[in-house]
Each structure stands twice: as C-alpha cells, then as structure tokens.
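Asks: Just dropping this structure here.
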Ligand code: MIG
C-alpha cells in the first residue's frame, strides 16, 4: 500500500518532465550537485548519515554561516562513492531525478525522503515539497501545540509571547524548524531547515501526500539525517546543533516559583513551610517583582533589603535561588542605571531603520534591547551578571525574549528594526528583525550562559528560557510559557516536553498547576504526579491567581503530592544518570514510548501522552485524566513490573491460559492483565508507573534537597529480563570537576543462570568517591530463599515470598566483580 503510493507519486513527479532528460549531476568528493531549473542543489555528506542540502537560487550558494550549527560541524565531510545520478555513502544513496529532485534511500533501496518536484520560488520565498507516505508520523518542532503527532497539521515558526495559548495555537514561543519522520519504509529520519526567518511546515494539511515547507526569504539550507532509529536521528541532530550541557544536580530537584514572591519575608515563609511540610525542594524562584521597578539587574531594596544574606540563608537550608532577568533594559537616562548607561556608551542596543535606538514599552516602561547578534554585546550582557553571581544567585531565568513588546498588535519588534551581525562565521552585516527575530531569544540565552560560565568558570551554568531556536539547548533549559490550569494543558504539557526532547531540548518543563486560571485540587495533585517525572519540575503560577504551593488544598492532597515529590528524590541517581547520558548522547530524558520501543507505534492503546523516563520507566496517565473511567495501558513487549509494588505487571497472554488473569496491585487499583495490556482503574492518589524487565534501577534514601547527603545505602532494584542493566553515575553535582575525571561511572548487568542469577558490576571509571558505603540489592520476581555470594564471600540474604524478592546488602563495589544468586 505504502510502496504503491510512493511509486504513484514518483510517476507524477517524472511525468511532468521529458522522460529522456537526465539531471546533470556534477560529482564532488563529498557529495554532488545538480541543476533544478534556475537553482543549483548541492548535497554534501557531513557524515555517512547526515546530508547537508543547500540550494543556490541564482547559481550562488547561500552564506555558509549558522546560529545553530558551528563551523567545525559544518566543515565535516566524508568521501562518497559517485554514481551516474548521485552518490552513495556507507549508509545512504542520494539520487537526483530528471528534474533535479532529490531522493534519499537506504542502501537496500527503501526511500527515506523524496522530493515531489523541484524547489519553487515566489520572489524571495521558497517552497520545498517531499513525499508524505501513508503511515509516516512526524514529531519534533519543539513545544508546538496540537498534540504529539504533527501529521495533518501546519505550523509557522515565529517566536510569540502566547499568554494562555490554546491547545491548537500556533505559533507560540519557540522556533525549532526540525522534525522527525517515523514509520516510513526507510525508518526514522530527521530534517532540519536552518533558516531563521518566518518558516512554515505543512505536514499534509493541504494535501495528505505532500510534506511541504518553506520560508519567505533566507538560505535554503537544510540537513537530512538518516536513522534508521529515532534515537539515531536525535543523537545525530544533537551532534549537529549541540548537546545540552549536564545541569547542576539541584536543577533536577523540586522547584517552587510564583509570580511573584514579593518580599524576602514571603520567600522565607515559603521556604520554611516547604521544610515544615517536608516537601523536598531544591530551588526557589524570584520573578520580576524582586527588582526595582522591573529593571533587570536591580533589586528592590525595600522588599529585599539584603538579597545576598537571604540567598545565603536559603543555601543554609538547602535551597538555591534562581532570579529572573529579562532582556529589555529600562531607558532610564541619567539615573545611574548601569545597564542603560554602559550599553548606551558602547552602542549595544538594537537600532531602528533610521539609525536611532529602538525604544518600546515592556515591564520597565520605555526600554531598549541588546543587539545579541554582536559577539561584543553578548559579552557586555554576560558581564552584567557579576553582581548576581557575587550574591550567590544560582541561575538565570530569561523571559520575554521572543522578544515581547507591549502596546503593539504584533507583540514584538517591527520587521524593519536593524540588528548588526558581528558573530561566528557570518559576514559583518546588518539584518532586519525579520531575519533575526527567531534567534533573538537564543542569542540572549547564549549571552547569559557564556557570561555565567566566565564569571564562575568552575560552576555549571543554569539558564531557563522561554524563546529559543534550534540549538538553544546548548545554553538553556526551557519551559512552555504561560499555560492554563486545565486538564487539556496537563496532557499537552507532556506532549510538548516529548517533542522538545526530540528537538534537542532535553530539559523541558511546564508550569505545574498551570500558570493562569487556578487548578482544582484534583488537577493540581495530578499535575504534581506527572510533573514529578518532568525533566525540570517547577510549580509556578500567575499573579492574581489562587496560590499553587503543594499545601494549598489541605493535608490529604498535600500527602499525595509530597509522596510523588519524594519518589522523584528517591529516583535521583537514575535521573541524574539520565541527565549525564543526555549530555553525552543527546538521548532525551523524557521520551515517547516509541523512542526505545519502536513497535509501540503500532500499539492499539491511546498512547498520546504515555511516556518513558529513560528506557526503564514507563508512565501511563489516563488518556482522559479528568474522567474517572478505566483505561488500557499497552506495555511494549519484553515484560514490565509495577513500579510501586515490584510485582510483574504484564503476564504474556500465552502463559495466562484461557480467560483473563486478574492481578490486583496496590498502585493501579484493580488491574486486569491480558498479555501486555493492563486495564487501570484510576484513583486520585495513584499514577501507573512500570519498570522494564531487564532493569537495574538505582535509588537513594530520601533527602529534603540534593544538598543533603543521603543517609544509608544506595539501593539497586533488579528487575530480571532481557538485556538487563543499570547505570551508576555520580559526581559533586555542581562543579566542572566531572570534566577532569571527578566522576563515577559504572555499569551493572544481570543475567539469568540455570539456578538463579549473576549480577555483574563492571569496572568503575572516574575518580569520584560516592556518598554510599553500601549497596542494598533487591531482586524482584524471585521465589523462595537464595544463596548469595560476592566473589568467594557468602552474603546473608532475605527472601520475601509475598513480595517475591530476595534482598541483601553489599559493601560498595569499587571493583569489577560478580555476585551470584542461587535458588534454594
Ligand atoms: O508578561 O515575569 O511566562 O512565567 O511569571 C508576563 C512575569 C511576564 C511571563 C512568564 C511568566 C512570568 C511572567 N512573565
């Protein structure tokens, strides 16, 4: 069916051209060029699986420069094998059709991506069109709304302050012109259009056989990234646009925010209550009201008379303080406001077309805007954080950087505002806002991030942004902006974070509870349960809305919320190892199920916001969370355990015999297990979480913040199954020492033997001495007693028949070695 459609489309594409005409292909050592009407298409193999496609409109290639892909990466290439109609790498074959149309196949001839015709121009605007096979689905594009799958929809990239955006609203805050096609005959592939203008993508909205995209101007410069797995694509996309740096560990803790905590006293009271209620917390946020008249880099001395002292006291209680710094600089002439004075002196602000400084109203009133596309302006901006760093501020929150402008229907700068580009490989030139708009926020975070790294070179920098562009993950984490306190937004938040993760932004957040509106008690509780599994877990709410701290709905709701925050803290070794894996590979922290389990694409349950945290944990909220009705969870093949009870959750159907197996689990209410399908009866105090069979899951004793040293052993839960492993990673959590050997990495694997199991601790790398002195092992799915030995030493073990576990304690396993378990 799918192949027929493709053949038909190819036929359509070629019928238009005289059949005998062949595209003229000019070979290159690293690719090939062909003529497409008036245009030249150049394809260069950066690697065997990453192709860069540039199209010269009138013979000349576009400027070889990028905000997203650095020079060294763009300069990579591999030698290719030429062919009459194109070339081949070790992974793909590139063929130009008679009309110069591009077709990329795997080496077995499966189509990965194929033009349906040549590039089309309309003045400066361009349109590219590719075949859209049935059964292919599309993901990525950052945190755009519209559900998980982009198929059938159309999107525009134009960073927009979208307060209270609805579930289908577009554009919103970020522009990441990158998508992944999943489910086509050539496997997953990615396409990144590196064009900062107001680009657009149509995933079959107009014509369900055509995926079209284009822009109003700017370079036609895109990358095709072959898989075949989705993970291959994401890793390669982050090879191109950069990995997110390892965050400080405290950024993985619970974070409490509000627009705004209005005074030092109020912040102290919130902090005290968090500790009193024993809700583990790492970060407190100060929103715009901590500043003097909303002016960036100032402090309201009445409300916060001693910010440095406050931050120090908070640190003493295990809290970090992150403060907001918007990019609009108050136009405060002759008032001793240093950012304005120094920026004016050295001409750091964006100009109008007539050369005067562009002034527009935002929070501080009339404001001016740093020209972040100049390297020297970024340095100037970064240096402004010196005071904050001195006061102990832990990180920066860059808001309003679309940029948002008040009192104008476009909500942003006029298109003809002039930016100066003096940066990277760009030729020195001016550019209109139409070109720079979508990268303005990212360059703002770049300036902030680089500044913090310069000011405190041995600390990891933490920046959170609202607007960004492809590659922004190198500088900041992000959140989804001004969402609403509705059930739809709770679900949407996970879909947004999944697509952010597939778009390089592995650290996604959404305001827990919803920014505007005020959540019901049940909604806020559910949001805590789900938010506890977000990569970044921050409760935040708008001025004038009901408070949304964990205790606001009374002790019963607080108890549920606390339990989920606590569970996140217990999982910190797992979460932190995922963060570190992300920094090396680009693998998202929070993933769609099909990331690690491609067959999940074909499962029949509603998986529209089921997600995994790493490959080992699967979180399955109700597809209609506001409804108390039963729902089905499909678990990928291979077997799963109920996270909360440790019991096997998916007995394969063939072993179950006729009829259904009833298995009552404490966590999910009554679960009916039929094959890999689990029927869940929702309860407000539970959230179904499953652990992949074949996992060794590290957890730690409960702490009230990551600053506290856990008291007790590291716990390793072993869930037997195929490819059984777990990863230990530890370091000091905040400094750059991990880049100099100050880390601990160790793999632990398990395999079933005839009469039990062998658990193998791999060799440890790195020099970091961890907090744990002992390891508590809990082996699940174990029947009866067991004899355990580590090396030649016998280890006392306790079997628990009811729980189906065997437990024992080992000294820290600094060296590689086997632990053997024998059934008795
Ligand atoms: O115009 O700083 O999205 O999180 O609390 C509103 C105040 C400005 C928008 C952000 C929101 C923040 C708020 N900001």
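Coordinate-derived values only; no laboratory data. The structure presented is a predicted model; accordingly, all values stated were derived computationally and were not measured. Cβ placement follows ideal geometry from the backbone for every residue including glycine, while neighbour counts extend to all protein chains displayed.
Asks: Would you please state which residues of region 706-724 a label at residue 816 would reach in this model, taking the label point 7 Å out along Cα→Cβ and a backbone N cut-off of under 20 Å?
Replies: Within reach of a label on residue 816: 723-724.
Asks: Then there is this: Would you mind ranking 320, 677 by Cβ crowding within 10 Å, fewest neighbours first?
Replies: Going from sparsest to densest Cβ surroundings: 677, 320.
Asks: Would you give the gap between the C-alpha center of region 702-717 and the C-alpha center of region 363-422, rounded to a whole Å?
Replies: Cα centroid to Cα centroid, the span is 40 Å.
Asks: Any chance you could check the Cα centroid distance between region 511-573 and region 590-609 for me, in angstrom?
Replies: 26 Å
Asks: Quick check: pseudo-label points 7 Å beyond the Cα along Cα→Cβ at residue 601 and residue 77, how many nm apart are they?
Replies: Taking the simple label geometry, residue 601 and residue 77 are separated by 3.2 nm.
Asks: Rounded to the nearest Å, what's the spacing between the alpha carbon centres of region 237-280 and region 38-67? Just the number, please.
Replies: Cα centroid to Cα centroid, the span is 42 Å.
Asks: Would you compute, from DSSP H runs of 4+ residues alone, the mean residue ellipticity of the chain at 222 nm, taking -39500 (n - 2.57) per run and dividing by the full residue count, rounded to the nearest 500?
Replies: Value at 222 nm, helices only: -6000 deg cm²/dmol.
Asks: Quick check: from the Cα gyration tensor, does the chain come out rounded (a/c under 1.5), prolate or oblate?
Replies: Judged from the Cα gyration tensor, the chain comes out oblate (a/c at least 1.5, b/c at or above a/b).
Asks: If you stretched the chain out fully between residue 275 and residue 769, how much longer would it get, using 0.36 nm times the residue separation minus the C-alpha to C-alpha distance?
Replies: 175.0 nm
Asks: If R₀ is 60 angstrom, what is the calculated FRET efficiency for the pair residue 356 and residue 824, using the beta carbon separation as r and rounding to 0.05?
Replies: 0.10
Asks: Right, next: For a label point 7 angstrom out from the Cα of residue 335 toward its Cβ, which stretches of region 367-384 have the backbone nitrogen within less than 18 Å?
Replies: 367-370
Asks: Using the basic label-point model (7 angstrom from Cα toward the beta carbon), what is the residue 206 to residue 57 distance in nanometres?
Replies: 1.8 nm
Asks: If you rank 174, 543, 411 by fewest surrounding Cβ atoms within 10 Å, what's the result?
Replies: Placing the least packed residue first, the sequence is 543, 411, 174.
Asks: Roughly speaking, what is the stretch gain from residue 758 to residue 156, that is 0.36 nm per residue apart minus the C-alpha to C-alpha distance, in nm to one decimal?
Replies: That works out to 211.4 nm of additional length.
Asks: Considering the zone a paramagnetic label at residue 48 would reach in this model (a point 7 Å from Cα along the Cα-to-Cβ line), which residues of region 227-244 have amide N under 13 Å from it?
Replies: 227-228
Asks: Within a 10 angstrom radius of the beta carbon, how do 277, 435, 722 rank from fewest other beta carbons to most?
Replies: Ranked by crowding around the Cβ, least crowded first: 722, 277, 435.
Asks: Give the calculated FRET efficiency between residue 122 and residue 429 to the nearest 0.05, with a Förster radius of 22 Å applied to their Cβ-Cβ distance.
Replies: My answer for the efficiency is 0.35.
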